[in-house]
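Structure first, then comments.
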Amino acid sequence: MKLAIVIDGYYFLEKFGLITVIFALSLVVAMYSTLAERKIAGFLQDRVGPNRAGWGGMLQPLADGVKMFLKEEIIPAESSKFLFIVGPSLAILTACIGSAVIPWGDTIVLFGRTVDLQVTDINVGVLYIFGVVSLGVYGIMIGGWASNNKYSLMGAIRAASQNISYEIAMGLSIIALLMMTGSLSLRDITNQQHGFWHEGWFSWNFFSQPLGFLIFLVCAFAETNRTPFDLPECETELVGGYHTEYSSMKLGFYLFSEYINMFVSSAVMSTLYFGGYNYPGMDWVMEHAGPTWGPLVGVAALLGKIFFFIFFFMWVRWTVPRFRYDQLMNLGWKVLIPLAIANIVATGLWMTVKATYF
Amino acid sequence: MSNPSQVTEFGKILLFLITGSVFVLIAFFTARLLSPRKPTPEKLLSYECGEEPTGSSWIQFNPRFYVIALVFLLFDVEMVFIFPWSTIYAQQPLLTAEPAWGWLCLTEMMIFVGILLLGLIYVWKKGDLEWVKPAPITPEVKTGIPPAAYDRLNQQTYQVRKFDAPVKELEHER
């Protein structure tokens, strides 16, 4: 038997292009999230925020980045040198690779080629996201432990126990969603939410799983270590938490990975619950805008949703004060997990009753 | 052919991972080139609020974190079992074809989740989910003034007195 191996060179180019674009996109969004955070903080606290570098502070993230590169790298003598470097690398790597399975848009025709706006459509996409999110804790845990600093260690332990506590509730809330979609592929889940209205009810998952979304949202805050769940680095008690000893680009990696995590989790929330690249009246737009511009509008819709969620993250940061540790653990174990299980049972009952009697 | 490149879906994840690693390495290399390195013994000390650090911080920590990790492991493993169940359960053709199948499937999973819940209740009742709650401290100072005097002062509402200075004359003087 003769095996014909056909390698389409353009396909590789296309995938690498897409990967590069997604990396660049997550980095640029993360960079400008730092500026947006400071601007929004300024707005909510009735002040201006950074406005010196560039036009209205538009170059501030670049200035910060250059500063990060130019700072001296300090590796404490007492620390575990290898793990000290592994920590931040792992943190940013796990933050970045989460976006591999997110469908950024419908298939699009670019320069006469049909391009899939998703790096990979694995059939266990949700599980992949879930796994990457749980890997994220290693970056913090390793970095905090390797520093050989009391504050860092405390921050690392807190981060670990917080992340694993909220991961359970997150998984259970996703299960309730999967009981309605029946697929672990993010592409399938997005396509099921086509348009906005389907057979007498909203087609977006949020409208059939509001409680699940709420639990997922709270858990996303906890997993990204954002206020009110920023106990791993709470400045008032632990100096800098797990990154007390870090300086230069390694610190930059930790700070950056938080913003990339925020971006990716916003993307996951928009994809799972808010229809991803679907938007009301998309069929009409697709018909009139053609196969190149139609999907691009969808990409814009997804990005709009993502930016809204990023704004929401920041809004909450300046609205809700930080939890105390016992409140945090109580919320995770005694409120969210029972609620998530109740949500699963309610979803199951509703599905079965609907199939039996309607 | 939908996949002309012979790259499996997980291969693309590998590509993604490689790109990410290259990015991290480049960033580290650039930082190495650009940043100054003038280490002194003081600089390399661990930070402990300006004091000299005492002892290593690689110590034994509270075992309750360990218990939390164990419980998490149990829940996580059970969740892995529920994931495939939920995707099969959601198949509409199966559900509508035979309603009894839906009920059977649901009951099975409810028993499974019930065992999970029993475990949670056990851990809860055993007190492993309880964390130290800081008790509020009311500071007490021994003074000769009776508490009632403070109460009266606290209950007083502040009255804004009308300001009626001769404004015009003041302006005139200036």
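The values are calculated or read from the model by the stated rules, or taken from the named source; none is laboratory data. None of the values given here were measured: they were computed from a predicted structure. Every residue, glycine among them, receives a Cβ derived from its backbone with ideal geometry; neighbour counts consider all protein chains shown. These accessible areas exclude ligands, DNA and RNA; they are computed on the full protein's heavy atoms, side chains included. Shrake-Rupley method; radii C 1.70, N 1.55, O 1.52, S 1.80 Å.
Some observations on this one:
- For segment A:120-131, the criterion of a residue being within 7 Å of chain B (Cβ to nearest Cβ), surrounded by 22 or more Cβ atoms within 10 Å (Cβ to Cβ) and part of a helix (DSSP H, G or I) is satisfied by no position.
- Being at pLDDT 90 or above and assigned to a helix (DSSP H, G or I) holds for only one residue in A:333, A:315, and it is A:315.
Here's the yes/no breakdown for (1) part of a helix (DSSP H, G or I); (2) over 30 Å from residue A:116 (Cβ atoms); (3) under 31 Å from the mean Cα position of the chain (by Cα); (4) at pLDDT below 85:
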site	(1), (2), (3), (4)
B:1	no, no, no, yes
B:22	yes, no, yes, no
B:25	yes, no, yes, no
B:33	yes, yes, no, no
B:41	no, yes, no, yes
B:56	no, yes, yes, yes
B:65	yes, yes, yes, yes
B:73	yes, yes, yes, no
B:76	yes, yes, yes, no
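- From the list A:138, A:151, A:166, the lone residue that is of a type outside the set (Asp, Glu), farther than 19 Å from residue B:92 by Cα, within 11 Å of chain B (Cβ to nearest Cβ) and open to solvent by 20 Å² or more (accessible area, probe 1.4 Å) is A:151.
- Filtering segment B:78-111 to residues that are within 32 Å of the chain's Cα centre (by Cα) and farther than 26 Å from residue A:192 by Cβ leaves B:78, B:111.
- Filtering segment A:69-107 to residues that are β-branched (Val, Ile, Thr) and either at the interface with chain B (Cβ under 9 Å from one of its Cβ atoms) or assigned to a helix (DSSP H, G or I) (or both) leaves A:74, A:75, A:85, A:86, A:92, A:94, A:97, A:101.
- Scope segment B:21-56; condition at the interface with chain A (Cβ under 7 Å from one of its Cβ atoms) and small (Gly, Ala, Ser); matching residues: B:21, B:27, B:31, B:35, B:46, B:56
- From the options A:208, A:203, residue that is in contact with a Gly (Cβ under 9 Å, 6 or more places away or on another chain) and surrounded by fewer than 21 Cβ atoms within 10 Å (Cβ to Cβ): A:203
Table: residues versus (1) closer than 20 Å to residue A:27 by Cβ; (2) in a loop (DSSP other than H, G, I, E, B); (3) in contact (Cβ under 8 Å) with a residue 60 or more places away in the chain.
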site: A:254; (1), (2), (3): yes, no, yes
site: A:261; (1), (2), (3): yes, no, yes
site: A:264; (1), (2), (3): yes, no, yes
site: A:270; (1), (2), (3): yes, no, no
site: A:292; (1), (2), (3): no, no, yes
site: A:327; (1), (2), (3): no, no, no
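- Taken over segment A:23-37, the criterion of being free of Cβ contacts under 8 Å to residues at least 60 places away in the same chain and surrounded by 19 or more Cβ atoms within 10 Å (Cβ to Cβ) is satisfied by A:35 alone.
- Unmet requirement for residue A:252, which otherwise passes all of (1) open to solvent by less than 20 Å² (accessible area, probe 1.4 Å); (2) closer than 26 Å to residue A:198 by Cβ; (3) not charged (D, E, K, R): (2)
- Failed item, numbered, when residue A:114 is tested on (1) within 11 Å of chain B (Cβ to nearest Cβ); (2) part of a helix (DSSP H, G or I); (3) open to solvent by 60 Å² or more (accessible area, probe 1.4 Å): (2)
- Complete set of residues in segment A:44-73 that are open to solvent by 70 Å² or more (accessible area, probe 1.4 Å), over 22 Å from residue A:315 (Cα atoms) and of a type outside the set (A, V, I, L, M): A:52, A:55, A:67, A:71
- Some residue of segment A:42-65 being touching a residue at least 24 places away in the same chain (Cβ under 8 Å) and not in a helix (DSSP H, G or I): yes
- Verdict on residue B:102 being small (Gly, Ala, Ser), closer than 28 Å to residue A:329 by Cβ and free of Cβ contacts under 8 Å to residues at least 60 places away in the same chain: no
- Tallying residues that are among the β-branched types (Val, Ile, Thr), at the interface with chain B (Cβ under 8 Å from one of its Cβ atoms) and farther than 17 Å from residue A:167 by Cβ within segment A:317-356 yields 3.
- Enumeration of residues in segment A:179-214 that are more than 14 Å from chain B (Cβ to nearest Cβ) and touching a residue at least 12 places away in the same chain (Cβ under 8 Å): A:190, A:193, A:194, A:195, A:196, A:197, A:203, A:204, A:206, A:211, A:213
- Taking each residue of segment A:225-246 that is within 15 Å of residue A:324 (Cα to Cα) and looking for partners that are open to solvent by 10 Å² or more (accessible area, probe 1.4 Å) and of a type in the set (Val, Ile, Thr) with beta-carbon atoms closer than 8 Å, six or more apart or interchain, yields A:225/A:140; A:226/A:316; A:227/A:316; A:227/A:320; A:228/A:316; A:228/A:320; A:232/A:140; A:238/A:244.
- Within segment B:53-101, the set of residues being under 30 Å from residue B:42 (Cβ atoms) and surrounded by fewer than 14 Cβ atoms within 10 Å (Cβ to Cβ) comprises B:54, B:55, B:56, B:58, B:59, B:60, B:61.
- Residues of segment A:74-90 classified as open to solvent by less than 10 Å² (accessible area, probe 1.4 Å) and under 12 Å from residue A:251 (Cα atoms), total: 3
- If the condition is being farther than 25 Å from residue A:163 by Cβ and among the hydroxyl-bearing types (Ser, Thr, Tyr), then segment B:60-99 contributes B:87, B:89, B:96.
- Qualifying residue in segment A:170-178 (condition: surrounded by fewer than 23 Cβ atoms within 10 Å (Cβ to Cβ), touching a residue at least 12 places away in the same chain (Cβ under 8 Å) and not hydrophobic (A, V, I, L, M, F, W, C)): no
- Tally of residues being more than 7 Å from chain A (Cβ to nearest Cβ) and either modelled with pLDDT of 85 or more or not in a loop (DSSP other than H, G, I, E, B) (or both) across segment B:3-20: 3
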